[in-house]
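The values are calculated or read from the model by the stated rules, or taken from the named source; none is laboratory data. As the structure is a prediction and not an experimental result, all values here were calculated from the model. Backbone-built Cβ (ideal geometry, glycine too); neighbour counts: all protein chains shown. These accessible areas exclude ligands, DNA and RNA; they are computed on the full protein's heavy atoms, side chains included. Shrake-Rupley method; radii C 1.70, N 1.55, O 1.52, S 1.80 Å.
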Amino acid sequence: MSDNASPADASTPGQGGGWPLIDGWAKATLSPRGPKLWQTLNHRSACLSCAWGTGGQHGGFRDELGEPLQRCLKSVEAIMAELQPAVPDGVFGTRSLAELQQLSSMEADRLGRLSHPLLLREGRSHYERIGWDDVFAIAEAAFRAPPERVASYSSGRSSNEAAYLLQLLLRAMGSNNLADCSDLCHAPSTVGLNAVFGSGTSMVSLESLQQADCVVLVGSNAPANHPRLMNELIKLRQRGGSVIVINPVIEVGLLKFGSPAFPIRSMLAGSEIASLFLQPVPGSDTAVFLGLQKALLEAGAIKRDFLAAHAEGWEALLEQLEATSWEAITTTCGLSRQELEHTAAVIAAARGVVFAWAMGITHHANGIDNVQAIANTALLSDNVGRPGAGTMPIRGHSNVQGFGSMGVTVKLRAEMQQALEQLLGRPLSRVPGYDTRALIEAADAGRVDSLLCLGGNLWGANPDSGEAKRALGRIDTILYLATKPNQGHFHGLAARQTLVLPVFNRFETPHRTTTESGNNYVRLNEPGTTHLAGADLISEVAFLAELARRLMGSDPIDWGRLQDPAYVRDLISRTVPGYGPIARIDATRQEFSVEGRLFDTPQFPTPSGRARVAPTPLPKLALPKAEHFGGLGPGEGGLVLALITARSYGQHNTVVYKAGDSYRGMPHRHTILMNRADLHRAGLAAHQRVTVQGEAGALEGVEIIPGEIREGAALMFYPEVNVIMKAVVDPRCGTPAFKRVPVLVRGPLASMPAAGTAQPPR
Ligand SMILES: Nc1nc2c(c(=O)[nH]1)N[C@H]1C(S)=C(S)[C@@H](COP(=O)(O)OP(=O)(O)OC[C@H]3O[C@@H](n4cnc5c(=O)[nH]c(N)nc54)[C@H](O)[C@@H]3O)O[C@H]1N2
Ligand SMILES: Nc1nc2c(c(=O)[nH]1)N[C@H]1C(S)=C(S)[C@@H](COP(=O)(O)OP(=O)(O)OC[C@H]3O[C@@H](n4cnc5c(=O)[nH]c(N)nc54)[C@H](O)[C@@H]3O)O[C@H]1N2
Ligand code: SF4
Ligand SMILES: [Mo]
């Protein structure tokens, strides 16, 4: 446990945020797109980027409490990419597919904005322009396939209205195949929290977070991915609270962060974030939380009266804690008993603890256990059902949570199912739908004819890129609705026809839309205009309503009328739990918190009104031997590691904005972050080029960067790394184990390896 660790390499900055933020804002402001950037920042619509949520009716820079200066540089990055000029005329006509496939993620994004519908026919080497009439004719024919052979995939950037229409269209056709990026993201949080509390989202509002005096931040690189959460952590430390970070990587921004929302001097000097930093083995968080629970139990700090009144099943968990030895816990997670006891004491002493987490928790074969172990800890320490405490999954895409609320999920809640059946006047199909992994497998087996992708990059987001490409290639027709080209449009090609269809982004859409933040706050986005002169864009709502009208006319509802987003909102208010107030939002402009999600009292929406505690098994984390990957060649050194695949500081998911990651000292993307002790053990050297061999493939010539990562673990950047991994998923939700990928790192021996080669401690 480090109370005050510092980054290993002198070339990396000593804090997150700080000067590079000022520099970034200045460069963006002074660029030719600067004036339009500022106009967009001030537009009354929610930030495009992450689900922390900023903007909307409070103005571009404010959060839901009206606090100013809440826009971050990530938001600027996202807007600047959308403000690019159109892809120049002739690019698609002259550049063949083979050439387009050579583009990196950044190069594909930098082609510019999509401005006209494109079609790639079977056997052709180029995308060609087509008109919307032809698009609709192709789409209509494709979606007349049997309902179990059509599917959608979506990424949480679109509006609630578009998301609602998407699921209504598929379900009305008789299909439940609504794969969504959340299947690759926070699905374990939704399933785990539903199991415990009967509600699958955060129970903590921004206001409530501001009353906490301890935050446990697990598996999140918030300085890069949710920068405004850092403001709350800085304020928490300033009011004397503590921040406990649990992460195998010492992310520099989690030690110290300089935020522009604070006076310039503290911004440049940076504020301390972590009071305690625990560095466990990747994938061992359930063991960490069992350790914290056991320490609470042994210290007599478990609130049995609270549990007796508000929870069920907790007795079995206490029995599990007694039966589980400290040795089993500490050897699994690699933290000492003292570290865990000290941390538990801080939690027990706090008045209100918020437990927050992101992908370090969910991207594991036991992601749901991880979430339930956190929820159990919150319950055992009496930290749910009151302000200033609770469980808070930190959501990803800006409207990914809205997609779930709108019913874009293969696990539709009974309440919404009934409401939709009433609306449509007929029962919905009971055939289970494909989540994202199941969709790839079904496609690979030739069971999918037509796929509609509302945003995203299905090819790039999946593990095992080779498998994803092959599977998509067995679908007849794929429609990609997108704002900008991405690699998926060039690699994720259908067998017969692939269409790339240009849509308005959130701040350009010619009608009002809504979105929901990770804190359950529904924002209203005002209409806008696009800078793309002469472009032929469509709104997502208009596209989906027209496709539905062509397929179903007025059966059983008037699909043509759904061109009116206010009417869509009316249907949402009637069928989506907690969304009643949306019916009046056009008139009142009143944004709102979704009803029934925030718990001020420990009364939960389970049949008994109590939370449901259940034991979570200790994970078994053995790594395969080097021989599993073919072993080491003569004169080679190397070892097997648990590879974390994550985002750099300069990307948004599969879209790369910047080549390097200076905060981690990784100068380009073809790098692997490793612990020096592992290099020593394997006989490899810093900056040496090595092969990283996974179960599905290998990447050659990868540069080793030594850094503050736990022994036995390594880190590489997604999406490039996805080519080497097989899809290993949590069977209960299909989410891939992106944060514990077994790999063999090997290269020419640079020195004599230390004793016990090829196998790290864990
Ligand atoms: N700028 C920017 N913002 C974004 C995104 C983006 O790409 N760029 N993406 C958006 C989306 S969709 C999402 S889901 C979020 C992602 O936000 P994060 O979850 O913060 O993103 P990751 O890069 O996946 O980083 C996960 C963190 O978990 C740690 N970790 C890895 N394995 C483990 C483990 O086993 N245990 C623990 N305790 N920690 C572990 C890693 O070291 C890393 O710090 O961000 C959203 N916001
Ligand atoms: N190895 C590894 N793989 C991972 C992850 C990981 O950590 N490691 N993370 C996983 C996670 S958490 C996620 S969420 C997925 C992300 O997977 P996706 O959500 O599928 O991918 P994105 O890169 O966010 O999609 C970006 C594209 O969306 C389009 N787009 C942007 N805005 C709009 C809009 O308003 N409308 C429409 N129609 N299109 C728009 C643009 O064309 C852009 O190119 O990746 C997953 N894959
Ligand atoms: S924290 Fe997230 S929502 Fe807020 S401005 Fe930054 S990217 Fe946008
Ligand atoms: Mo995500």
Let me make sure I get this right: for the range 297-454, a, b and c are the square roots of the gyration tensor eigenvalues over alpha carbons, sorted descending. Under 1.5 in a/c it's rounded, otherwise prolate if a/b > b/c, else oblate. Which is it? prolate
Calculated diffusion of the range 534-591, Stokes-Einstein form, Kirkwood radius summed over Cα pairs, 10 °C and 1.306 mPa s, µm²/s: 126
Any idea which of Phe629, Phe738, Asn653 is furthest toward the positive side of the dipole for the range 626-748, if Lys and Arg beta-carbons carry +1 and Asp and Glu beta-carbons -1? Asn653
Exceeding 27 Å between C-alpha atoms, which entries from my cross-link table qualify? They are Lys256/Lys739; Lys74/Lys411; Lys74/Lys484; Lys303/Lys411; Lys469/Lys620. Lys74/Lys411; Lys303/Lys411; Lys469/Lys620
Let me spell out the model: positive unit charges on the Cβ of Lys and Arg, negative unit charges on the Cβ of Asp and Glu, origin at the Cα centre of the range 187-393. What dipole size does that give, in debye rounded to 20? 820
Need one word for the range 46-169: rounded, prolate or oblate. Basis is the Cα gyration tensor (sqrt eigenvalues a ≥ b ≥ c); a/c below 1.5 gives rounded, then a/b vs b/c decides. oblate
Return the carbon/sulfur percentage of the accessible area of the range 626-748, one whole number, probe 1.4 Å, all protein chains in place. 55
According to a simple spin-label model (label point 7 Å from Cα along Cα-to-Cβ), what is the distance in nm between Lys235 and Ala587? 3.4
Against the 2.2 N^0.38 Å scaling, with N counting residues, where does the chain land? I'd like the Cα-based Rg ratio to two decimal places. 0.91
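If you build the Cα gyration tensor of the range 86-147 and take the root of 5 times each eigenvalue, what three semi-axes come out, in whole angstrom, biggest first?
Semi-axis lengths for the range 86-147 are 25, 14, 12 Å.
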Let me know the Kirkwood hydrodynamic radius for the range 553-687, please, with Cα pairs as the basis and the value in Å to one decimal. 22.3
Rounded to the nearest 0.05, what FRET efficiency do Ser325 and Ser266 have when you use their Cβ-Cβ distance and R0 = 45 Å? 0.50
HN-Hα J in Hz across the range 645-657 - Karplus 6.51, -1.76, 1.60, θ = phi - 60°, x for Gly and Pro: 10, 9, 8, 7, 6, x, 8, 10, 6, 7, 9, 9, 9
Restricting to DSSP H runs of at least four residues, report the calculated mean residue ellipticity at 222 nm for the chain, -39500 (n - 2.57) per run over all residues, nearest 500 deg cm²/dmol. -9000 deg cm²/dmol
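Above 19 Å lies some portion of the pair distances; for the range 550-622, what is it as a whole percent of all C-alpha pairs?
Roughly 61 percent, once rounded to a whole number.
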Using amide H atoms built 1.01 Å from N in the peptide plane, name the residues 5+ places from Leu278, or on other chains, whose amide H lies under 5 Å from its own. Val245, Ile246, Asn247
Can you give the accessible area of Lys625 in Å² (nearest 10), computed on protein heavy atoms with a 1.4 Å probe? 120
Between Ser554 and Glu703, what length comes free when the chain is fully extended (0.36 nm per residue of separation minus the Cα-Cα distance, one decimal in nm)? 47.7 nm
Student exercise, the range 626-748 dipole from Lys, Arg, Asp, Glu Cβ charges, in Debye to nearest 20: 300
Suppose a student asked you for the relative contact order of the chain, using Cα pairs under 8 Å spaced at least 6 residues apart; what percent would you report? 20
Net charge within 10 Å of Phe92 by Cβ-Cβ distance, Lys/Arg positive one each and Asp/Glu negative one each, not counting Phe92 itself? 0
Give me D for the range 624-762 in µm² s⁻¹, whole number, from Stokes-Einstein with Rh from the Kirkwood sum over alpha-carbon pairs, 25 °C and 0.890 mPa s. 163
Among the DSSP beta bridges whose two residues both lie in the range 187-393, what percent are antiparallel, rounded to the nearest 5? 10
Residue-normalised accessible area of the chain, expressed per residue, 1.4 Å probe, Å²: 33
When the convex hull of its Cα atoms is projected in every direction, mean area for the range 187-393 (nm²): 10.6
Dipole of the range 63-112 (Lys/Arg Cβ +1, Asp/Glu Cβ -1, origin at the Cα centre): which of Ser75, Gly112, Ala98 lies farthest to the positive side? Ala98
Full-extension gain between Lys726 and His628, please, as 0.36 nm times their residue separation minus the C-alpha to C-alpha distance. 33.9 nm
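Just add up the charged neighbours of Ile273: K/R +1, D/E -1, any other residue whose Cβ is under 12 Å from the Cβ of Ile273.
Summing Lys/Arg as +1 and Asp/Glu as -1 gives 0.
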Where does the range 346-410 land on the Kirkwood hydrodynamic radius, alpha-carbon pairs, in angstrom? 13.2
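Using a probe of 1.4 angstrom, how much of the accessible area of the range 187-393 is carbon and sulfur, in percent?
52
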What are the ³J(HN,Hα) values, in whole Hz, obtained from phi via the Karplus relation 6.51 cos²θ - 1.76 cosθ + 1.60 with θ = phi - 60°, for each residue of the range 134-141 in sequence order, with x given for Gly and Pro? 5, 4, 5, 5, 5, 5, 4, 4
Would you list which aspartates and glutamates come within 14 Å of Lys726, measuring only between C-alpha atoms, while excluding same-chain residues fewer than 8 positions from it? Glu441, Asp464, Glu467, Glu695
The range 438-527: mean projected area of Cα convex hull, nm²: 6.9
With label points built 7 Å along Cα→Cβ from the Cα atoms of Glu67 and His680, find their separation and express it in nm. 4.3
Here the percent of antiparallel bridges among DSSP beta bridges lying wholly in the chain, to the nearest 5, is 45
